[in-house]
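The structure under discussion appears below in the form of structure tokens.
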Amino acid sequence: MKSKFVFFSIIILLLFSNKILADDKALAGADFEYGQHLSGECVTCHNSTGLGQGIPKITGMKTAVFIKKILAYKTKEKDNAVMQMVADRLGEEEINSLALYLSKTK
Amino acid sequence: MAKITRRTFVGVMAASTTALSMPSIAFGALPRVVVIGGGAGGATAAKYIAKDSKGAVDVTLVEASKRYYTCFFSNLYLGDFRNYGSIGHNYYGLAVNHGVNMVHEWASSVNSAEKKVYLGSGATVSYDKLVISPGIDLKFNSVNGYSPEAQSIMPHAWKSGTQVQLLKNQVKGMKKGGTFVMVPPPNPYRCPPGPYERISMIAHQFKKTNPTAKIVVLDPKNKFSKQGLFMEGWQKHYPGMIEWISADTHGGIKKINTSTMEFETDLDTFKADAASVIPAQQAGRIAMNAGVNKGDWCPIVPASMQSQADENIYVLGDASIAKSMPKSGFSANSQAKVAANHIRGSLTGSKVFAPRFANTCWSLVATNDGIKVGANYDAKPDKINKTSGFISKTGEDSNLRKATYEESIGWYSGITSDMFS
Ligand SMILES: Cc1cc2nc3c(=O)[nH]c(=O)nc-3n(C[C@H](O)[C@H](O)[C@H](O)COP(=O)(O)OP(=O)(O)OC[C@H]3O[C@@H](n4cnc5c(N)ncnc54)[C@H](O)[C@@H]3O)c2cc1C
């Protein structure tokens, strides 16, 4: 009985810590408020109402999708002079904070 | 308490040093911010302070006009790529969505010792922090023979509005095969590529309706922004139409005569059938009145955009000396966000993040032929420092140039909704 309980606890703990680890890994240092602040730089081009023409909407994007797209500019795999420059100065903390904020914003 | 990282460190410092200097909070009244000028810098600052403080700061925007006609894209209006209505914007969004108090009056003077702004009507508004973003005033007498009266004959059209409509009428009404003379301003001035985009758009008009017309550019400079790109575009789209003459070649504009439409230089006297003269520029006069200028422009502290003369006054946009950023709407919008974050931090103790500045300027050379230049900046103690940048290349393929033009349309819609909604 007791051992079963311990066993379960360990499983739950493992699952839980794994989940934290997974989230942490994906969004290390992410801070919603910082993401919101940084997004001020983006909305000069990316229409905050999402109705932009010539520049795509970036709000409501899943974090993993967002990170992949930003990294494509950062590594210059995707070609666009302005976005390469924008991505160039975003570190991991910045990218993750933006991912968090933008994923939760319509 | 959040862990202290590079990004929050500045904020924690600011919060602890400003906590003692918040008398208005201590007495239960809201801290007050007054913004003078509802353009690219001022509208953005008013919005971000009001939006992010969620009612904790009382924000008043003093703007003379009820409608703001952007200078950006006024060249596209000249070239028939935009209509006039599409470059006009109102302030309802700032008032309704963010609770900004709109005061449509001239700020006639600033008493920085008493922290008061005097309005044209005689009323006063007091502030804890003042933002000044009045744009430019023109130095009419920088061109011998030019004057406020002359602007209806040879429009400068450098502050948008009816001047741009006047210029467009004169371009469209110019006699067939006539000569248009353009005088760009000397450095520093708002929108470095602007005069050359204007030349491109006037050439675009002529190509359609007056193909034997000529454009003579009498430049007080020997080089200009995106020169290689513009020159290449002019050669390609308007061969033989545009003659750009550098200062060293014409030796200086000695005198212009608005009744004979003559431009006297060492090289020759040029006769125009229509003309645009853009004189030298200085910070909007209210900045001089507030005593935050040093000569024609206003020195700032790069990390916050605070005036070097008064820590309770912030100067944004064209009026500021934001070296190495160019005077542009994009720059003003970027500076406004740095200032808004700093002002809110000092009034409410909210986090102040490390300043980040950016600029990109697109120009249209011809249909679907857009070019761009941009840079990132950070704050060094003595200047806003360029950290990286890019510029379009000569000989780029037409798909890229079209995409660049489309980007500029997206940017216009982005920045104007960022400013006004
Ligand atoms: C032809 C042209 C093309 C341009 N193209 C671009 C472009 O493509 N991209 C770009 O980024 N920039 C462009 N610019 C530059 C851009 O317009 C300016 O850099 C930008 O508007 C500066 O913002 P600001 O806040 O300093 O001043 P402004 O936007 O000029 O705003 C100042 C406001 O203050 C008000 N004001 C002034 N004094 C007072 C007072 N005492 N009381 C009350 N109100 C007052 C004025 O009415 C005005 O609305 C262009 C400029 C021109 C002329």
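Every read-out reported here was derived from the displayed coordinates using simple, explicitly stated rules and does not represent laboratory data. Remember, predicted model here, so these are calculated numbers, not experimental data. Note that we place each Cβ from the backbone using ideal geometry, even for glycine, and neighbour counts take in every protein chain shown.
Multiplying the residue separation of B:LYS221 and B:ASN141 by 0.36 nm and subtracting their alpha-carbon distance yields 27.0 nm. Considered as an equivalent ellipsoid built on the Cα gyration tensor, the protein assembly as shown has semi-axes of 45, 30, 18 Å, the largest given first.
Over 24 Å apart at the Cα level, from the set A:LYS68/A:LYS106; B:LYS54/B:LYS383; A:LYS104/B:LYS337, are B:LYS54/B:LYS383. In chain B, the convex hull through the Cα atoms has an average projected area of 21.2 nm², a quarter of its surface area.
Given charges of +1 on the Cβ of Lys and Arg and -1 on the Cβ of Asp and Glu, with all other atoms neutral, how large is the dipole of region A:30-103 about its Cα centre, in debye to the nearest 20?
Numbers: 8 positive and 9 negative charges, 76 e Å.
The calculation lands at about 360 debye.
Cross-link partners of B:LYS323 among aspartates and glutamates, defined as those whose alpha carbon lies under 20 angstrom from its own and excluding same-chain residues fewer than eight positions apart: A:GLU41, B:ASP137, B:ASP296, B:ASP310, B:GLU311, B:ASP378, B:ASP382. Beta bridges per DSSP, both residues in region B:44-126: antiparallel share near 75 percent. Taken over region B:112-159, the percentage of Cα pairs per 5 Å bin, counting from 0 up to the bin with the maximum distance, is 5, 15, 18, 13, 11, 12, 14, 11, 2.
When N is the residue count of region A:30-103, what does its C-alpha Rg come to as a fraction of 2.2 N^0.38 Å? Walk me through the intermediate numbers first.
Numbers: Rg = 11.3 Å, N = 74, 2.2 N^0.38 = 11.3 Å.
That works out to 1.00 for region A:30-103.
Extents of region B:46-133, largest first, come to 48, 30, 17 Å (Cα atoms, principal axes, whole angstrom).
Which residue, B:THR260, B:THR348, B:THR269, has the most motion in a Gaussian network model of chain B that connects Cα atoms within less than 10 Å? It is B:THR260. Partner shielding of B:410-421 amounts to 6, given as the average count of beta-carbon atoms from other chains within 10 Å of each residue beta-carbon.
If you take the Cα centroid of region B:294-371 and the Cα centroid of region B:98-120, the two points sit 21 Å apart. Note on region B:197-343: Rg/Rh from C-alpha atoms, Kirkwood Rh, equals 1.09. What percentage of all Cα-Cα pairs in region B:48-202 are separated by more than 24 Å? Roughly 49 percent, rounded to a whole number. Reported value for region B:362-421: 107 Å³ per residue, from the convex hull of its C-alpha atoms. Per-residue ellipticity at 222 nm, computed for chain B from helices alone with -39500 (n - 2.57) per DSSP H run of at least four residues, works out to -9500 deg cm²/dmol. For region B:144-279, the spread of Cα positions along the three principal axes, ordered from largest to smallest, is 35, 31, 29 Å.
When the Gaussian network model of chain B links Cα atoms closer than 10 Å, the mean-square fluctuations of B:GLY178, B:GLY370, B:GLY85 top out at B:GLY85. DSSP beta bridges confined to chain B are antiparallel in about 60 percent of cases.
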